[in-house]
1. Within the range 36-59, is there a residue that is in contact with a helix residue (DSSP H, G or I) (Cβ under 7 Å, 6 or more places away or on another chain), over 18 Å from Arg14 (Cβ atoms) and in a strand (DSSP E or B)?
2. Taking only the range 47-60 into account, find how many residues are more than 9 Å from the ligand (Cβ to nearest atom) and modelled with pLDDT of 95 or more.
3. Determine whether Ala63 is at pLDDT 95 or above, of a type in the set (Gly, Ala, Ser), within 20 Å of Leu121 (Cα to Cα) and within 9 Å of the ligand (Cβ to nearest atom).
4. Would you check which residues across the range 99-117 are out of contact with any Lys or Arg (no Cβ under 8 Å at 6 or more places or on another chain) and not hydrophobic (A, V, I, L, M, F, W, C) and list them?
5. Which residues, counting only those in the range 97-119, are within 26 Å of Cys142 (Cβ to Cβ) and more than 6 Å from the ligand (Cβ to nearest atom)?
6. Quick check on the range 76-96: of everything there that is touching a helix residue (DSSP H, G or I) at 6+ places or on another chain (Cβ under 7 Å) and more than 6 Å from the ligand (Cβ to nearest atom), which residue is nearest to Tyr43 (Cα to Cα)?
7. Check off (1) within 11 Å of the ligand (Cβ to nearest atom); (2) closer than 24 Å to His133 by Cα; (3) crowded, with 20+ Cβ neighbours inside 10 Å for Pro33 and give me the number that stays unchecked.
Amino acid sequence: MPQLAPTITIENARVVHAPQIHRLVSYWASRTPVLPKSLGQIYENLREFVVALDGDSVAGAAALHIDWADLAEIRSVVVEDGHLAQGIGKHLIERLVEEARVLGIERVFVLTDKPEWFARLGFEPIDKGDLPHKVWRDCVHCPIFTACTEVALARTV
Ligand SMILES: CC(C)(COP(=O)(O)OP(=O)(O)OC[C@H]1O[C@@H](n2cnc3c(N)ncnc32)[C@H](O)[C@@H]1OP(=O)(O)O)[C@@H](O)C(=O)NCCC(=O)NCCS
C-alpha cells in the first residue's frame with residue numbers, strides 16, 4: 001500500500017467534519033451511484049465515519065455500518081477530486097477493516113460500481129441475494145433500485 005503524504009492523517013470523524021463529509025458525499029452522489037446523505041444523516045451516523053484529513057480539510061471519508069453479528073457494510077467511500085490516486089481510499093478501507101476486526105465482525109461488504117478497485121483490496125464478488133438486510137432496508141428506497149448497476153463484494157476481516 002502506498003505511504004500517505006506526510007500531511008494526511010486517518011482519524012475518527014468529529015462533528016466539525018460533518019459539513020465537509022456531506023459536501024464530498026453530495027459531490028460524488030451527483031456523479032456516481034454513491035447514495036446521497038442529508039447533513040442530518042451524517043451527524044446521526046458520524047460515529048461510523050473515518051476521515052482523511054489534510055490539515056483541517058477533509059480529503060476523504062468512509063463509513064462502517066454494522067448489519068448483523070457477522071456482517072458490516074463499508075459505505076460512503078469518497079475521496080476529494082484533488083486527492084485522488086494518493087492512497088487515501090486504500091487507507092480509509094484498511095482502517096475500517098481494522099475497526100471491524102476489533103468489533104469482532106467476520107466479514108465486510110460493499111455495493112459498488114468500482115469492483116476492480118475493491119478487488120485490489122482483497123474483496124471478492126458475492127451474490128447480492130446474500131445481503132437481504134441491505135437490499136430490503138436501503139436499496140428499495142434508492143431512485144435507481146430497478147436499474148442498479150452496483151455489484152456486491154465482500155472481504156473476510
Ligand atoms: C474509488 C475511490 C474511493 C478511490 O480513491 P483513491 O484515494 O483515489 O484510491 P487509491 O489512491 O487508494 O487507489 C488508487 C489506485 O486505484 C486505481 N483506480 C482508481 N479507480 C479505479 C477503478 N475504478 N478501478 C480500478 N482501479 C482504480 C488507480 O489507478 C490507482 O492505482 P495505482 O495505485 O496503481 O496508482 C475514489 O475514486 C472516489 O472517491 N470515487 C468516487 C466515489 C466512489 O465511487 N466511491 C466508491 C463507491 S462505494
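The values are calculated or read from the model by the stated rules, or taken from the named source; none is laboratory data. Quick caveat, the model's predicted, so the values are computed rather than measured. Cβ sites come from the backbone with ideal geometry, for glycine too, and all protein chains shown count toward neighbours.
1. For the range 36-59, residues in contact with a helix residue (DSSP H, G or I) (Cβ under 7 Å, 6 or more places away or on another chain), over 18 Å from Arg14 (Cβ atoms) and in a strand (DSSP E or B): absent.
2. Taking the range 47-60 first, the residues more than 9 Å from the ligand (Cβ to nearest atom) are 47-51, 53-58.
Those left that are additionally modelled with pLDDT of 95 or more: 47-51, 53-54, 57-58.
So the answer is 9.
3. Working: at pLDDT 95 or above: yes; of a type in the set (Gly, Ala, Ser): yes; within 20 Å of Leu121 (Cα to Cα): yes; within 9 Å of the ligand (Cβ to nearest atom): no.
So Ala63 does not fit the description; no.
4. Glu99, Arg101, Gly104, Glu106, Thr112, Asp113, Lys114, Pro115, Glu116, listed by residue number.
5. Listed by number, the residues that qualify are Val97, Glu99, Ala100, Ile105, Arg107, Val108, Phe109, Leu111, Asp113, Pro115, Phe118, Ala119.
6. To start, the set of residues in the range 76-96 that are touching a helix residue (DSSP H, G or I) at 6+ places or on another chain (Cβ under 7 Å) comprises 76-80.
Still in the list and also more than 6 Å from the ligand (Cβ to nearest atom): 76, 80.
Values: Ser76: 14, Glu80: 20 Å.
Checking each candidate, the answer is Ser76.
7. Here Pro33 clears every test but (3).
So that you can scan it fast, the table gives a plain yes or no per residue for (1) of a type in the set (Lys, Arg); (2) touching a strand residue (DSSP E or B) at 6+ places or on another chain (Cβ under 6 Å):
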site: Arg95; (1), (2): yes, yes
site: Glu99; (1), (2): no, yes
site: Pro115; (1), (2): no, yes
site: Asp130; (1), (2): no, no
